[in-house]
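Below: the structure, in structure tokens.
Read-outs: derived from the displayed coordinates by stated rules, not from any lab. Predicted model, so just to flag it, every value in this text is computed and none were measured. Don't worry about glycine lacking a Cβ; one is built from the backbone with ideal geometry, like all the others, and counts go over all protein chains shown.
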Amino acid sequence: MKKSLSVIIVLFSLTAYSQVAENCYRLFLTDKDHSPYSLDKPEEFLSPEAILRREKQEIEIRNNDLPISKYYTDSLNKLGLQILNQSKWLNSVVVYTLDTELIDTIRRYGFIKSKQKIEKNLTPKTAIGFGLNAEYLVTKNQDNALDYGYGTTQIAMINGHVLHQNGYKGQGMTIAVIDGGFYKVDELPAFDSLWTNSQILGTRDFVDGDYNVYHGSDHGMKVLSTMASNIPGELIGTAPKANYWLLRSEYTPTENSIEEDNWVAAAEFADSVGCDIITSSLGYSEFDDPQQNYSYSDMDGNTTVVTRAADIAASKGILVLNSAGNAGDDEWKYITAPADGDSVLTVGAVDEYAQYVYFSGLGPTSDGRIKPNVSALGYQTSVQGVNGAITIANGTSFSTPIIAGMAACLWQSVPDLTNMEIIQRIEESAHQYSTPDYYLGYGIPDFAKAAHITSSDIIAFAEKSMIKVYPNPFTDNIHIELLLNTEDELSVQLYNMLGEKVLEVKSDAGEYAKITLNNLTQLSTGIYIIHVKAGNVIMQQRIIKLQ
């Protein structure tokens, strides 16, 4: 019985067709009366995976978990309305009809709470929140200290390699990627290991109502590559061992409000199949029909359809991440929905020097909350290209999945935490947690710190080895104190985020050593990695250079 109900959930969600151009309406229903289901028997309407996530995080089964009343949907069908989409969380349906008089009179039915016209035309327009149209061939630094190839900068910047070195690569975690298309994910080399190890759990297209997501936009493919790529020496993503669902919600040539409903359907589907994380590099503020546009005041975490759904997804125990958008240098300049959600981990963009990138969407929300929450590399980010080569692309679309993949690794390392506790760990680890701003939020996370992995845990070849680096951040001098269990020669190296060695000091080791690196004002602002080696003792620590 449970299995057949899971299939019903899947098929029922595949009724959204965003290409319908006119006469689409979102109807909000008053209640869920006449339902054959009861909150006391969730196994009749929720999948085992969805129930397990709620139980693990002590989340109650709520009224918004109940399916929409079939009595109401049948009544709408009998009126001649075609139901394109529906949301149990928002208790809403999207309908299509050519009979405008019918829509004008539908409020007479007692179960219709309100209605909105949500789509007008299909004039092509670029969606805010997607990656910028910049892609170039990249050159690999052959002297990289790590084996992440072109992806060294984006993972070392957030100390993600530390979790990988400790065995946390996303195993057992499931990530839903909601995007506009996953062109050639079934062919390109970055994803070979996903197919070999059956890490693609499935696909759904909420635009065309089928299962084929490997066409159209290549945006989702590039997003996925920042997490799932697994080609040592070329590109390794932040969660190469995680499982993935690929969900298409966006019709990229246009920007219409019905795509919010597609996103909601995709998020509800992600819940139904037991996903731990949703990562979305989409955003909504302006539409092809200006009458549908949102204002900045709507970015309050409670107004837009997609934001309300994102927060509900979080209330079900899912860790929801969304890009801050790329409108930082536009007239709009702020984040877009659902990045304004109070339970959404919103990600901005920095360059390789850990500096704010001009296009990254700004906070605060209209009600004054810090946004973005954190930031990561979103300028010249290494991604899989459509021709099989590794390329670079710009946008908060790519900084977001970088964090999402590492969040999966973090959660794997501390599985007893809730989704909101994971967000708190990530924020508290960030480099400007005590002084957040509306450009980078709390700053660039340190996932080793978030996982409470100490420097001696990174590669603990020698017993009782310890490292202390201060001040962090630094401006001119760095003091390094080392407790070692070796008499071998000591080498201290400083690497920038390009993997280039900018400084090296050698000396005798002994049981205790203290080294000071002086006159560092000439170094560029940004993040550096201190690499210490003495015999079989190897330790690394991230440190930040201020102006």
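Given points 7 Å out from each Cα along the Cα-Cβ axis, report the residue 63 to residue 515 separation in nanometres with one decimal.
The two pseudo-label positions are separated by 6.4 nm.
When 51, 403 are ordered from fewest to most other Cβ atoms inside 10 Å of their Cβ, what list results?
51, 403
Among 497, 406, 420, what is the fewest-to-most ranking by other Cβ atoms within 10 Å?
420, 497, 406
Determine the dipole magnitude for segment 230-366: charges of +1 sit on the beta-carbon of Lys and Arg, -1 on that of Asp and Glu, nothing else is charged, the reference point is the Cα centre, and the result goes in debye to the nearest 20.
Charge dipole of segment 230-366: 540 debye, to the nearest 20.
Which of 336, 57, 45 sits closest to the plus end of the dipole of the chain, meaning its Cα is farthest towards the positive end, when Lys and Arg get +1 and Asp and Glu get -1 on the C-beta?
Farthest along the dipole direction, towards plus: 45.
Per DSSP H run of at least 4 residues, take -39500 (n - 2.57); add these up for the chain, divide by its residues and hand me the 222 nm value, nearest 500 deg cm²/dmol.
About -6500 deg cm²/dmol.
Putting +1 on Lys and Arg Cβ atoms and -1 on Asp and Glu Cβ atoms, find which of 253, 105, 361 reaches farthest to the positive end of the dipole of the chain.
105
Need the C-alpha centroid separation for segment 271-323 versus segment 70-105, integer Å.
23 Å
Mind putting a number on the dipole of segment 134-450 about its Cα centre? Charges go on the C-beta only, +1 for Lys and Arg and -1 for Asp and Glu, and I need it in Debye to the nearest 20.
Dipole size: approximately 1000 debye.
On a C-alpha basis, how far is the centre of segment 392-443 from the centre of segment 221-249 in Å? Whole number, if you could?
Between the Cα centres of segment 392-443 and segment 221-249 lies a distance of 17 Å.
Can you put 303, 254, 381 in order, fewest other beta carbons within 10 Å first?
Listing 303, 254, 381 from fewest to most nearby Cβ atoms yields 303, 254, 381.
Residue-wise, which Karplus ³J(HN,Hα) couplings in Hz belong to segment 243-253, taking 6.51 cos²θ - 1.76 cosθ + 1.60, θ = phi - 60°, and x for glycine or proline?
Result, rounded to whole Hz: 9, 9, 10, 9, 10, 9, 10, 10, 9, 5, x.
Can you list residues whose amide H is under 5 Å from residue 371's amide H, if they're 5+ apart or on another chain and H is modeled 1.01 Å from N?
363, 365
Jot down the per residue volume, in cubic angstrom and as a whole number, of the convex hull over the alpha-carbon atoms of the chain.
Given the Cα convex hull of the chain, per-residue volume reads 140 Å³.
Helix by helix through the chain, keep the DSSP H runs that span 24 Å or more along the axis on Cα and average at least 0.0 on Kyte-Doolittle, and give those back in order.
396-413
Just tell me the longest site-free run in the chain, where the sites are GluC sites (Glu not before Pro) in a DSSP loop having at most 15 other beta-carbon atoms within 10 Å.
Longest run free of exposed loop sites: 188-330.
Please get the size of the charge dipole for the chain, origin at its Cα centre, with Cβ charges of +1 on Lys and Arg and -1 on Asp and Glu, quoted in debye to the nearest 20.
600 debye
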